[in-house]
Amino acid sequence: MKPIEIRNERLAQKLMKNLARRHYESYYCKTAAEVVDKVRELIPEGSSISWGGSMTIRDTGVTRMLKEGNYQVFDRDDVTTAEDKVRMYRKAFECDYYLSSVNAISEDGVIVNIDGNGNRVAAITWGPEHVILIVGLNKVCQDLDAAVKRARSTAAPINMARFTNNTPCQVDGTCHNCLSAESICNYVSIQRMSHPAGRHIVILTDEAVGY
């Protein structure tokens with residue numbers, strides 16, 4: 001194996017042990033194709049499914065597989081009005097499975113997410129019966145402080161570049177801890193454990209997916 005593959009294997013195994021201590025179920029899939037296969041294995045056909053605005057689950061091909069499969073999918077990208085999008089956000093709380101990624105995760109298994117509307121962190125926290133989090137090892141940070149900094153200073157400005165919001169990070173790509181009404185950094189979630197135990201499933205991957 002290449003040095004990066006050796007490192008990723010060791011890091012994933014360490015992280016999975018720490019996630020188990022925090023009552024998560026976890027898996028390690030080296031490639032995006034393996035991630036898709038694992039999600040297909042985990043979710044029974046006929047299940048109701050929704051997801052947040054995660055580029056990770058789109059980049060891996062998971063959303064495409066689910067929409068082409070025998071599932072009841074609620075995708076906010078399929079609606080056009082603001083009212084319908086809100087209805088999709090609320091529908092997610094009733095789903096069997098909710099999919100997302102994370103903005104950062106510490107080596108000891110603490111998950112950090114940052115959100116503009118709050119619908120994604122809300123669904124991860126409470127509502128759907130199962131939550132599957134697909135996490136590239138590029139999002140692993142040494143500790144909680146580093147994870148929060150990654151979410152604020154790396155993930156948020158890159159995500160903001162996808163939109164037309166008028167915020168300082170749109171200008172220079174760096175976080176200004178702004179108070180803009182168009183900020184996407186309104187809700188910061190720090191998740192120490194999975195509750196109830198096993199409700200959250202983390203799939204780690206070598207693929208540098210998402211932001």
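The values are calculated or read from the model by the stated rules, or taken from the named source; none is laboratory data. In this text the structure is predicted, and so the values were computed from the model without any measurement. Positions of Cβ are generated from backbone atoms using ideal geometry, with glycine treated the same way; all protein chains shown enter the neighbour counts. For accessibility, only protein heavy atoms count, side chains too; no ligands or nucleic acids. Shrake-Rupley method; radii C 1.70, N 1.55, O 1.52, S 1.80 Å.
Points to keep in mind about this one:
- Filtered by the rule that a residue be surrounded by 13 or more Cβ atoms within 10 Å (Cβ to Cβ) and over 14 Å from residue 120 (Cβ atoms), region 76-86 gives a lone residue, 79.
- For the criterion of being open to solvent by 60 Å² or more (accessible area, probe 1.4 Å) and in contact with a helix residue (DSSP H, G or I) (Cβ under 7 Å, 6 or more places away or on another chain), residue 170 passes.
- Qualifying positions in region 37-51 - open to solvent by 20 Å² or more (accessible area, probe 1.4 Å) and closer than 30 Å to residue 162 by Cα: 37, 38, 40
- Taken as a whole, the condition of being over 25 Å from residue 9 (Cβ atoms), among the polar types (S, T, N, Q), open to solvent by 30 Å² or more (accessible area, probe 1.4 Å) and not in a helix (DSSP H, G or I) applies to residue 165.
- Residue within region 93-102 that is buried (at least 16 other Cβ atoms within 10 Å of the Cβ), at pLDDT 95 or above, touching a Cys at 6+ places or on another chain (Cβ under 9 Å) and within 25 Å of residue 50 (Cβ to Cβ) present: no
- Scope region 36-57; condition modelled with pLDDT of 95 or more and among the polar types (S, T, N, Q); matching residues: 47, 48, 50
- Count - residues of region 15-40 that are closer than 13 Å to residue 207 by Cβ, assigned to a helix (DSSP H, G or I) and out of contact with any Asp or Glu (no Cβ under 6 Å at 6 or more places or on another chain): 5
- The number of residues in region 117-146 being part of a strand (DSSP E or B) and crowded, with 19+ Cβ neighbours inside 10 Å comes to 8.
- Residues of region 52-71 that are surrounded by 12 or more Cβ atoms within 10 Å (Cβ to Cβ), of a type in the set (S, T, N, Q) and over 20 Å from residue 121 (Cβ atoms): 60 alone.
- Filter result (at negative phi and not in a helix (DSSP H, G or I)) within region 60-84: 60, 69, 70, 71, 72, 73, 74, 75, 79, 80, 81
- Residues satisfying the criterion are present in region 99-117 (criterion: touching a residue at least 40 places away in the same chain (Cβ under 8 Å), touching a Phe, Trp or Tyr at 6+ places or on another chain (Cβ under 8 Å) and closer than 27 Å to residue 45 by Cβ).
- Selection count, region 158-185, where residues are among the polar types (S, T, N, Q) and closer than 22 Å to residue 140 by Cα: 2
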